[in-house]
Amino acid sequence: MGKKVLVIGAGGREHALVWKLAQSPLIEKIYAAPGNPGIGELAELVNVGADDVEGLLSFAKREAIDLTVVGPEIPLLAGVVDSFAKAGLSIFGPTAAAAQIEASKAFAKKLMRQCNIPTAEFKVFSQIEPAREYARTFTEKGRPVVIKADGLAAGKGVVIAVNTKEAEDVLESMLLRDAFGDAGRTVVVEECLQGEEVSFFVVCNGNDYLPIMSAQDHKRAFDGDQGPNTGGMGAYVNPPVFTDELQQKVEKEIIAPVIKAMKREGIPFCGVLYAGLMITDAGPKVLEFNARFGDPETQVLMPMLESDLFPVLEAAAKGESFAGVKMEIKKGACLGVVLAAGGYPGAFAKGMVISGLESLDRDTLIFHAGTKINEGNLVTSGGRVLAVVCCGSDFKAAALKVYQQIGRVNFENMHYRRDVGERVWKKSAAAGKRRADYGF
Ligand code: AMP
Ligand code: GLY
């Protein structure tokens, strides 16, 4: 009998996971709660919110779901994994306690210090005076300082302050004026690292890990890394900066020690561990850990995965060894660009009709995020609307194809970055290749 799988979430990441799982010969049926119209073409949508732990649990029990896969962090922190495990149901993701590695920056930093993991110099504060004083030790030397709300703040809780005045304003707003509520009552103040950012993903079973791939996200809203931070505007896999040698170093100095420490602390980590790294001149350093797949990184990771994803997630969820499962990666490149509503990440309109998807080439992948069906039309319903993803024999082929395909899609005030991947050709340019060699 084939397996029944439930995927929790409604974004592009979950669409990509469902798309990949739908190719597994081991799976008979996929449900998604609550899903989106793109997911609905591959799975049965269940009208239960991603944070409705009770609703998810009763659905999974009723349908005898064999494996539940959690996409976003909110249900993890709401204890969905704890509740499912207690009910004897198999679920892929960390417990609420283990998800603290993402939800509390102070927890993550202390864990890193304890295991000697390379990360920015830091201190944790809940009182304003000592926080100001520590921040000044950077700014008075003319160095920027990074101030982070301890808890989840929808990507807005990290500020790079370039002078003392800015640092003090941020500290006051977090510690004295509760700008981030509980999330900002404790802050991490840290050294500002310089370098290229890389996201590295591994699957963990509590004892051990299996590397997936690395990727680079584009967090700022506008070209040239300008404008406000967003959830992510585009990504590609296997950035050249993350060499095999660097990956080995990261596995040895960062991933393996964290997994060991969490087990030792009695909070073994099962699920995807996503290390946000800065590749500095002094080597890779951790910016943050996330306890889940990245979005939009998953939209470019899944198309590159040759082997079946289901056995990997199942082994991890059951705490079984990875010895019998494979993680085979395709050759070539994969790049995705997010099409967002004009105004995102600030205020944006909804309900714009999306056109042109039917004219895309068959091998172009579209992952839905903020879409819905309204009177028979596919319309926008969120800030990040769709991701257009293409694979190619090399980076140039993938990038060219994505931008050519985007030319066929439209909705009112559609906004996207036109420089996803530019870092790669800029580096190559420095190494003697011209931009024109990459064709864009
Ligand atoms: P985080 O949520 O901790 O990953 O921070 C969000 C973003 O802020 C990161 O992706 C980086 O671009 C930036 N950032 C965070 N910490 C630092 C740091 N110590 N130095 C420089 N940039 C940072
Ligand atoms: N792409 C950034 C994230 O998923 O947190």
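The values are calculated or read from the model by the stated rules, or taken from the named source; none is laboratory data. Just so we're clear, the structure is a prediction, and the values are computed from it rather than from any experiment. For neighbour counting, all protein chains shown are included, and Cβ atoms are generated from backbone atoms with ideal geometry for every residue, glycine included.
Just one of the listed residues (G332, G356) is on the phi > 0 side of the Ramachandran plot and in contact with a Cys (Cβ under 8 Å, 6 or more places away or on another chain), namely G332.
For segment 120-147, taking the residues that are farther than 11 Å from L175 by Cβ and part of a loop (DSSP other than H, G, I, E, B), the one that is nearest to ligand 2 (Cβ to nearest atom) is identified as A120.
Is it true that some residue in segment 280-293 is part of a helix (DSSP H, G or I), among the basic types (K, R) and within 30 Å of Y209 (Cβ to Cβ)? No, that holds for no residue. When segment 254-280 is limited to residues that are among the small types (G, A, S) and either away from ligand 1 (no atom under 16 Å from the Cβ) or buried (at least 19 other Cβ atoms within 10 Å of the Cβ) (or both), the one that is farthest from the chain's Cα centre (by Cα) turns out to be G266. Restricting attention to segment 162-198 and to residues that are within 20 Å of P345 (Cβ to Cβ) and among the hydrophobic types (A, V, I, L, M, F, W, C), the residue that is farthest from ligand 1 (Cβ to nearest atom) turns out to be A179.
Against the test of being part of a loop (DSSP other than H, G, I, E, B) and either buried (at least 19 other Cβ atoms within 10 Å of the Cβ) or of a type in the set (V, I, T) (or both), the options I101, I30, I74, I65 yield a single qualifying residue, I65.
One residue stands out among those in segment 189-201 that are among the hydrophobic types (A, V, I, L, M, F, W, C) and more than 15 Å from ligand 2 (Cβ to nearest atom): the one that is nearest to A106 (Cα to Cα), which is V189.
When residues in segment 160-186 are screened for being surrounded by fewer than 16 Cβ atoms within 10 Å (Cβ to Cβ), among the hydrophobic types (A, V, I, L, M, F, W, C) and free of Cβ contacts under 8 Å to residues at least 24 places away in the same chain, 1 of them pass.
Counting only residues that are over 30 Å from A99 (Cα atoms) and either touching a strand residue (DSSP E or B) at 6+ places or on another chain (Cβ under 7 Å) or part of a helix (DSSP H, G or I) (or both), segment 148-167 holds 3 of them. Do we find a residue being farther than 12 Å from V388 by Cβ, outside any strand (DSSP E or B), modelled with pLDDT of 95 or more and more than 25 Å from the chain's Cα centre (by Cα) anywhere in segment 331-354? Checked segment 331-354: at least one residue is farther than 12 Å from V388 by Cβ, outside any strand (DSSP E or B), modelled with pLDDT of 95 or more and more than 25 Å from the chain's Cα centre (by Cα). Being under 30 Å from V146 (Cβ atoms) and either buried (at least 23 other Cβ atoms within 10 Å of the Cβ) or over 21 Å from the mean Cα position of the chain (by Cα) (or both): is that true of K110 here? Criteria met by K110. Can you tell me which residue within segment 290-304, out of those that are closer than 20 Å to L339 by Cβ and within 13 Å of ligand 1 (Cβ to nearest atom), is surrounded by the most Cβ atoms within 10 Å (Cβ to Cβ)? My answer is E297.
Among residues of segment 122-153 being within 15 Å of ligand 1 (Cβ to nearest atom) and among the β-branched types (V, I, T), the one that is surrounded by the fewest Cβ atoms within 10 Å (Cβ to Cβ) is T137. Pairing each residue of segment 356-380 that is part of a loop (DSSP other than H, G, I, E, B) with any residue that is exposed (fewer than 12 other Cβ atoms within 10 Å of the Cβ) and of a type outside the set (A, V, I, L, M), provided the two are 6+ apart or on different chains, yields C-beta distances under 9 Å for G356/G407.
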